[in-house]
Structures are given as C-alpha cells and as structure tokens.
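This report concerns only the one structure given below.
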Amino acid sequence: RATATMGEAPEPSPQAPLAVLSKVELRVSCKHLLDRDTLNKSDPCVLLLMQSQGQWMEVDRSEVIKSNLNPVFAKIFTVDYYFEEVQKLRFEVYDSHGHAGVGTHDDDFLGGMECTVGQIVAQKRVTKPLFLKYGKFAGKSTITVISEEISGNNGYVELAFRAKKLDDKDLFSKSDPFLEIYRIDDDRSEQLVYRTEVVKNNLSPIWEPFKVSLNSLCSCEEKRKLRCVVWDYDSRGKHDFIGEFFTTFEEMQKAMGENKVQWDCMNPKYKIKKRNYKNSGVVVLLDLKIHRVYSFLDYIMGGCQIHFTVAIDFTASNGDPRNSCSLHYINPYQPNEYLKALVAVGEICQDYDSDKKFSALGFGARIPPKYEVSHDFAINFNPDNDECEGIQGIVESYQSCLPKIQLYGPTNVAPIISKVARVAADEERTKEASVHTRCPRLAIVRASYLPMSIIIVGVGNADFTDMQILDGDDGILRSPKGEPVLRDIVQFVPFREFKNASPTALAKCVLAEVPKQVVEYYSYKAFPPRCPQPETPDSNLSSPQ
C-alpha cells in the first residue's frame with residue numbers, strides 16, 4: 001500500500017536521482033591482437049572507461065592474460081543501465097608488462113573501441129574493430145562485448161571446488177592446475193563463466209570459493225549444460241589440457257548441505273588411446289550455497305498489486321477555491337497543480353491495480369451535513385465506499401466536492417495514514433494495525449511494518465518543513481518516544497520544482513523509491529515472489545496520494 005498526501009510546498013529540495021532500470025554484465029574477448037613483444041606474444045588487459053561530463057573515467061579493468069593474441073577475459077564488468085541516458089563507453093586494450101602493470105604509452109596500446117551501453121544492450125553481442133590513435137586500424141584486431149541483464153529473480157551462487165589425483169603434466173615438478181567453467185548457450189557457443197586461481201605444484205588442489213550470478217552461470221536455467229575444464233598453467237600462455245567434464249546447475253545442487261558431488265575429469269584422447277584409462281583425476285564440488293535476490297518486478301509478476309489511495313489537503317491555507325489565486329481553483333482551461341500531480345502519478349500506478357478502483361480521501365475541511373472538521377473523509381461523501389472508478393473518477397469527485405466543503409484546518413495527516421494502515425494490515429491479515437494516533441511520526445513508524453509507501457507532493461509555496469522531516473532522508477525518522485521506523489516509507493517531493501517539466505518527470509521522482517520499498521517489505525517478511533495467479537493476486541500494496 002502506498003499512501004500519498006498533497007499539500008502546500010516547502011522550499012525546493014534536490015530532485016531525486018534517476019532510478020536504475022537494471023544492471024548489465026559485460027563480457028569481453030578479442031581476436032587477432034597486435035603482437036607488441038619481441039620474444040613472446042602480447043599480455044593483454046582491457047580497461048573500461050565511461051564518459052562523465054565530457055571526461056573519460058576508468059570504471060574497471062580486466063585481469064592480464066599472458067602471451068595471448070585471442071584472449072577471452074574472465075573479468076565481468078557491471079554497469080548500471082539507464083534507458084533515458086546516452087551512456088558512452090570506451091574499451092582500451094593494453095599490453096601489460098608484468099609487475100609494472102598496465103601502461104598507457106602508445107607502445108603498449110593495442111587498440112580501442114567506443115560504443116554506448118544502449119547499443120550493447122540492444123544487440124546483446126557487439127563485435128567491432130580496434131583502432132589505434134588518429135583512427136588507424138589496429139591491423140585485423142577486433143573486440144567483442146556480450147551483454148547480459150542481471151535479472152531480479154537471479155541471485156548468485158557460491159561454489160567451492162577441489163580436485164584429486166590430477167595427471168602430472170610437468171617433468172620436474174607437479175602440475176599447476178586451474179579450473180574454468182563454461183556455459184553452453186543455445187547456439188552451442190561456449191561462454192566463459194569463471195576461471196579459478198592457479199594452485200602451484202599440487203595434483204590435489206583446493207581452489208578458493210567463489211561467487212557467480214545465476215544468470216551468468218546458467219542463464220537461470222538449471223538444466224543448461226556446463227563444461228568444466230582443468231588446465232596445467234604455463235607462464236607462456238600454452239596451458240596443458242588435463243581433462244574436462246560436463247554437468248548442470250541442477251546436478252551441482254546435490255552438493256548443498258553435507259553432501260558432495262564429484263566428476264571424473266576426462267581427457268578424450270587418452271580415453272581412445274589407453275585401454276585401461278579411467279580418468280585424469282577427480283573434481284569435487286565441496287559446497288554450494290544459493291543466495292536469491294528478488295526485484296520489484298519479480299513481486300509484480302508474482303501477483304503483487306498496488307492499491308492507489310489519494311489524500312488531498314483541504315486546509316484553509318490553500319485559499320478560497322472560488323478565487324483564481326487559490327491552489328484549489330478549478331480553471332476550465334487548465335488543471336490546477338493538485339490535479340496535475342494526481343494524474344501524473346495516478347496514471348502510472350493504475351496499471352498495477354486490476355480493478356482500477358481507487359480510494360480518494362480528504363483532510364482539513366468542514367464537511368456536510370454538520371460541517372464538523374474531518375481529517376479522513378471520502379471525497380465522494382460515501383462513508384461505506386470511498387473508492388472512485390479510475391483516475392478520472394477521482395478527478396470528478398474532487399471537482400464535485402469542492403463547492404460542498406469549507407476549507408479549514410489544521411494540517412494533520414496522521415488520521416489518513418492510520419486509516420490506510422488499517423486497510424494494509426487487513427490485506428496482510430495481521431494484527432499489527434492498532435495505528436490509531438494523531439501523531440504523524442508515530443503513525444509512520446507503525447506503518448513502516450506494513451505493506452505501505454507514503455508519497456507527499458507539496459503544492460504551493462508555503463513552509464512545509466514538517467512534511468520534509470517525515471521524509472527521513474536527513475536521518476532515521478523516530479516516534480516521539482524514540483522508536484525508529486523499520487523502513488523508510490516516505491517520499492516528499494515539492495511540485496514547484498516540476499512546474500515547467502513534463503508530467504513524466506514528476507512521476508519518475510515521486511515513484512523512484514517505491515520499488516525499493518516493496519522489495520524491502522517482502523525481504524523483511526521473508527516472502528519470495530510467487531508464480532503469477534491472475535484470479536487471486538499475491539497481495540495488495542496501496543498507493544494514496
């Protein structure tokens with residue numbers, strides 16, 4: 001349940017940052033790199049840079065791959081993806097020089113490529129030539145960047161491998177083994193998922209545990225085939241093949257708890273040539289831990305709905321609605337700021353409510369028939385059913401009620417919050433809803449345990465400091481007795497900052513924190529998303545204004 005009130009605005013506050021639509025993983029490989037070394041091949045490393053305010057800033061860099069002109073880098077670059085921004089990227093490939101690290105001299109530069117995050121995401125796989133300075137081709141060198149969205153129903157897995165009795169590939173010492181895991185995609189191509197560290201001089205190595213996203217490991221498909229390869233490390237880049245095995249994430253999961261899973265590490269050539277060949281060692285999965293990470297979209301797709309409730313400030317400080325200077329003045333040619341805010345936010349929220357019926361409340365006015373002050377009345381004047389049909393129904397009820405009420409005061413949002421909290425608690429089927437209070441801070445603290453979000457849109461130019469305090473962005477909001485909120489559920493936005501902006505700009509800012517608040521609530525309750533159930537929605541969130 002998300003609640004929001006609209007009242008008079010305080011001084012401007014900074015606009016909320018753009019919400020991250022998703023995170024994207026980028027994987028890089030190169031082919032036909034220039035050979036800058038005299039005795040050996042180049043030792044390439046990739047730098048990722050992003051343009052910020054006209055300047056290129058390094059974001060991250062890959063590992064160095066020794067003596068290889070066709071490297072496949074294990075490093076996964078992670079970038080935030082904003083649909084509404086042009087995000088320029090530059091990939092630079094350098095020849096590394098051991099302990100000296102990656103230089104930026106012309107002699108070390110193997111080529112660069114520029115593109116945008118949007119291009120990579122749209123094409124999923126981008127292959128472009130590498131260029132030297134002044135637009136000169138770097139021979140036949142190319143770079144390939146593959147993008148994968150980190151989906152919400154993704155999470156990550158922690159794996160711990162070891163091996164036993166591996167073949168010895170070295171004459172004067174034991175093998176120096178490392179393990180690579182490849183995901184086999186639908187087109188039968190192989191994508192490197194992870195490369196372990198090298199364990200020196202050991203035929204029964206224990207590799208360090210590592211974490212990979214489920215999307216990277218198996219595209220969140222448990223039956224997708226994986227190829228695991230064990231190599232004997234060579235400092236010149238000519239690693240010796242020890243053996244391989246095939247598995248799936250479904251099979252790996254047998255290693256959860258006290259169980260272990262093991263595979264014969266096979267060398268196909270030995271299997272053909274040697275009559276009594278059994279294996280080239282055994283690889284053991286010692287432990288597997290799954291860490292699920294759910295997103296706002298996971299819960300929405302699992303049946304969670306948002307019930308949108310509007311609470312409008314009808315205190316006298318808004319001015320007489322019959323006067324054109326009033327914030328509630330109904331101009332036949334142009335909606336007032338209350339209506340602009342209501343429609344901008346409501347038109348987005350209505351998509352997440354199946355019945356399109358929205359509660360519309362008012363506070364701070366004297367209402368008929370006795371004209372007593374009320375702080376939680378239905379603007380359609382139906383005490384048994386405060387819901388309106390669609391956003392247009394709220395607009396019509398608002399316009400209809402204005403001539404029938406007397407604007408009064410004071411500004412008190414606590415009864416509205418308490419009322420919606422009781423509804424939210426009923427939806428949750430708990431007894432946490434004893435939220436009767438006249439103190440806004442206490443009402444918010446109690447509501448923070450319920451499936452609610454509160455949005456306050458400030459309309460006008462009055463001092464609205466008290467509402468800004470409720471936002472809690474400058475610190476943790478506490479009740480008068482010092483009890484802190486469980487979650488930050490309040491977002492305050494001054495409408496005056498968006499007077500000359502499009503309605504979508506206001507909606508983006510107003511709703512920016514709602515997805516995070518939904519996920520935080522369900523995480524607190526330890527509720528995973530459910531499979532979509534159209535006829536019996538998973539739960540109701542509510543969004544009043």
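The values are calculated or read from the model by the stated rules, or taken from the named source; none is laboratory data. None of the values given here were measured: they were computed from a predicted structure. Ideal geometry is used to build each Cβ from the backbone, glycine not excepted, and the neighbour counts take in all protein chains shown. SASA here: full protein model, heavy atoms, side chains in, ligands and nucleic acids out. Shrake-Rupley method; radii C 1.70, N 1.55, O 1.52, S 1.80 Å.
Quick notes on this structure:
- Single unsatisfied condition, Gly112 versus (1) modelled with pLDDT of 95 or more; (2) touching a Pro at 6+ places or on another chain (Cβ under 8 Å); (3) over 26 Å from Tyr194 (Cβ atoms): (2)
- Residue count for the stretch 337-382, restricted to those that are open to solvent by 50 Å² or more (accessible area, probe 1.4 Å) and among the hydrophobic types (A, V, I, L, M, F, W, C): 3
- Condition check for Val423: within 13 Å of Phe308 (Cα to Cα) and open to solvent by 20 Å² or more (accessible area, probe 1.4 Å): yes
- Boolean, Leu171 is at pLDDT below 95 and among the hydrophobic types (A, V, I, L, M, F, W, C): yes
- Any strands (runs of 3 or more DSSP E) falling wholly within the stretch 350-400 and containing at least 1 residues that are among the aliphatic types (A, V, I, L, M) and touching a Phe, Trp or Tyr at 6+ places or on another chain (Cβ under 6 Å): 365-367, 372-374
- Of the criteria (1) under 32 Å from the mean Cα position of the chain (by Cα); (2) modelled with pLDDT of 90 or more; (3) open to solvent by 20 Å² or more (accessible area, probe 1.4 Å); (4) of a type in the set (Gly, Ala, Ser), which one Gly118 fails: (2)
- Taking the stretch 343-360 as the range and being under 13 Å from Thr309 (Cβ atoms) and small (Gly, Ala, Ser) as the test, the residues that pass are Gly346, Ser359, Ala360.
- For Pro410, the criteria (1) open to solvent by 10 Å² or more (accessible area, probe 1.4 Å); (2) at pLDDT 90 or above; (3) part of a helix (DSSP H, G or I) hold in every case but one, which is (3).
- Pairs with Cβ under 7 Å, 6+ apart, first in the stretch 492-511 and modelled with pLDDT of 80 or more, second hydroxyl-bearing (Ser, Thr, Tyr) and open to solvent by 10 Å² or more (accessible area, probe 1.4 Å): Pro494/Ser13
- Failed criterion for Arg183 (all others in (1) crowded, with 20+ Cβ neighbours inside 10 Å; (2) of a type in the set (Lys, Arg); (3) on the phi > 0 side of the Ramachandran plot hold): (3)
- Condition check for Asn215: modelled with pLDDT under 90, open to solvent by less than 50 Å² (accessible area, probe 1.4 Å) and part of a loop (DSSP other than H, G, I, E, B): no
- Complete set of residues in the stretch 272-282 that are surrounded by 14 or more Cβ atoms within 10 Å (Cβ to Cβ) and either part of a helix (DSSP H, G or I) or in contact with a Leu (Cβ under 7 Å, 6 or more places away or on another chain) (or both): Ser280, Gly281
- Strands (runs of 3 or more DSSP E) contained in the stretch 1-74 and holding at least 1 residues modelled with pLDDT under 70: 2-7, 22-31
- Every residue from the stretch 23-48 that is open to solvent by 20 Å² or more (accessible area, probe 1.4 Å) and either under 30 Å from Val514 (Cβ atoms) or out of contact with any Ser or Thr (no Cβ under 7 Å at 6 or more places or on another chain) (or both): Lys23, Asp37, Thr38, Leu39
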